[in-house]
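Undergrad: Dropping a structure here in structure tokens format, bear with me for questions.
The values are calculated or read from the model by the stated rules, or taken from the named source; none is laboratory data. All of these numbers come straight from a predicted model, not from anything done at the bench. So basically every Cβ, Gly included, is an ideal-geometry build from the backbone, and we count neighbours across all protein chains shown. The accessibility values were calculated without ligands, DNA or RNA, using every heavy atom of the protein model including side chains. Shrake-Rupley method; radii C 1.70, N 1.55, O 1.52, S 1.80 Å.
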Amino acid sequence: MTNSIYQALSELEKNSGSAALCTVTKSEGSTPRHVGSKMLVYPDGKFIGTVGGGDLEHRVLDEAWMAISDGQARLLHYNMADPSRGDPGVCGGQVEVFVEPILPPPLLVVIGAGHVGKAVVHLAKWLGFRVAVCDDRAEFCTPEVTPDADAYYPVTMDKLPDQIKIDKRAILILTTRGSSVDAAGIAPLLDSAASYIGVIGSRRRWATTVKALKEKGISEEKIARVHSPIGLELQAETPEEIAISILAEVMMVKARATGMPMKGRVVVSEQ
């Protein structure tokens, strides 16, 4: 069974799938399974292996599905003595299960494959993201012209949600060629679950886009989801410098960091 789980993990990595790996890390006294027992849980409810069956396993399954959803590992402790106290069994022992979410790298979609878009694609791939490129100009949206991406979508951006699943870990970077393109296609993206939506350009350009969106009836709440002008203030000029600025902001938002210089940072001693 363990070999099957390892094979399934290999398939998950190959197919950019999601699951949670549950492993018995501690077993004292009489318990259903020994240390090292594993169960791989899929988002659709299927699973391979077992950590003990019964109520114990049902509780671990619930935690596994939550781990897939929130991306957080958890260490679970269970007494197996008295169901009247809420214990998941009567074996008499104690068991500990580590639940680890197995998630693919976040998807970063670059919309607009001009000079800056190409630089963002290259740097994002180097940083470990899964990268997709979208451009309504089919000649720009190819591996030959814009290398390093994992997928290419030569469609207008409003059609993008029909092409790929934009989940709550997805990051959308609009490096488009003008406000008119943004105003025409961004509305469906604002309805997506994306964790970050950024639009390149000046404050004046974004103000023009906002005006057009409001005229279409797009709410302030949806418009406020957008980061624009995009990126951290680095006085960036070249496409490569701008890409660094953009992805630095993405990393900052993703990690809920401050973006402040490390020099002068006050560190509180734990001693």
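Undergrad: Given the residues 35, 24, which is the only one that is in contact with a Ser or Thr (Cβ under 8 Å, 6 or more places away or on another chain), among the β-branched types (Val, Ile, Thr) and free of Cβ contacts under 8 Å to residues at least 24 places away in the same chain?
TA: 35
Undergrad: Which of the residues that make up region 1-60 are open to solvent by 50 Å² or more (accessible area, probe 1.4 Å), within 14 Å of residue 104 (Cβ to Cβ) and either of a type in the set (Lys, Arg) or assigned to a helix (DSSP H, G or I) (or both)?
TA: 10, 11, 13, 14, 15
Undergrad: Working carefully through the options 186, 197, 218, find the one that is in contact with a Ser or Thr (Cβ under 8 Å, 6 or more places away or on another chain) and surrounded by 13 or more Cβ atoms within 10 Å (Cβ to Cβ).
TA: 186
Undergrad: If a residue must be hydrophobic (A, V, I, L, M, F, W, C) and either within 20 Å of the chain's Cα centre (by Cα) or under 16 Å from residue 129 (Cβ atoms) (or both), how many such residues does region 230-266 contain?
TA: So the answer is 12.
Undergrad: Give the number of residues within region 149-163 that are part of a loop (DSSP other than H, G, I, E, B) and either of a type in the set (Val, Ile, Thr) or loosely packed, with under 15 Cβ neighbours inside 10 Å (or both).
TA: Count: 2.
Undergrad: Now for a different question. Filter region 216-250 down to the residues that are polar (S, T, N, Q) and not in a helix (DSSP H, G or I) and list them by number.
TA: Within region 216-250, 219, 228, 235, 238 qualify.
Undergrad: When you go through (1) assigned to a loop (DSSP other than H, G, I, E, B); (2) in contact with a strand residue (DSSP E or B) (Cβ under 9 Å, 6 or more places away or on another chain) one by one for residue 181, which number turns out not to apply?
TA: Answer for residue 181: the failing condition is (1).
Undergrad: Condition first: open to solvent by 10 Å² or more (accessible area, probe 1.4 Å) and either without any contact (Cβ under 8 Å) to a residue 60 or more places away in the chain or aliphatic (A, V, I, L, M) (or both). Now tell me which residues in region 164-182 satisfy that.
TA: Residues satisfying the conditions are 164, 165, 166, 168, 178, 179, 180, 181.
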